[in-house]
Amino acid sequence: MPFVERNSDGDIVAVSQVQSGGCVEAVDADSIELSEFFSTVRGESAGLTATDPGFVRVVEDVIELLIDKQIILFTELPQAAQKKMLMRKNLRNVLSPGVGDILGSDDDF
């Protein structure tokens, strides 16, 4: 059963799977109020969220370009960022062997 937090008007402003912080009121998972909350959240951020995967890849490519041009060093990135970048690069190589960066190689031009 989800737990919700409400604002001063009684509107749901946060939802949690566990009772924590301001999310202390239990509501039925199939309540109309909860459905309306999720519809509002999806509607307001759907366009932005839809662009996230592509944008993440652009950021990765920019970071790789900065590293290739020796503007920054890979080791200057936070340890967590290094780990995530290596993990994503390895996953891309496993899932799509032979597929390079979105910009391709210099031989493609």
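Here are some notes:
- Only one of F37, F55, F109 that is at negative phi, modelled with pLDDT under 80 and aromatic (F, W, Y): F109
- Filtered by the rule that a residue be assigned to a loop (DSSP other than H, G, I, E, B) and surrounded by 11 or more Cβ atoms within 10 Å (Cβ to Cβ), segment 13-28 gives Q19, G22, V24, V27.
- Checking each residue in segment 51-101 for being open to solvent by less than 70 Å² (accessible area, probe 1.4 Å) and part of a loop (DSSP other than H, G, I, E, B) picks out I72, L77, S96, G100, D101.
The values are calculated or read from the model by the stated rules, or taken from the named source; none is laboratory data. The model shown is predicted, which means the values in this text are computed figures rather than measured ones. Ideal geometry is used to build each Cβ from the backbone, glycine not excepted, and the neighbour counts take in all protein chains shown. The area values use the complete protein model at the heavy-atom level, side chains included, leaving out ligands, DNA and RNA. Shrake-Rupley method; radii C 1.70, N 1.55, O 1.52, S 1.80 Å.
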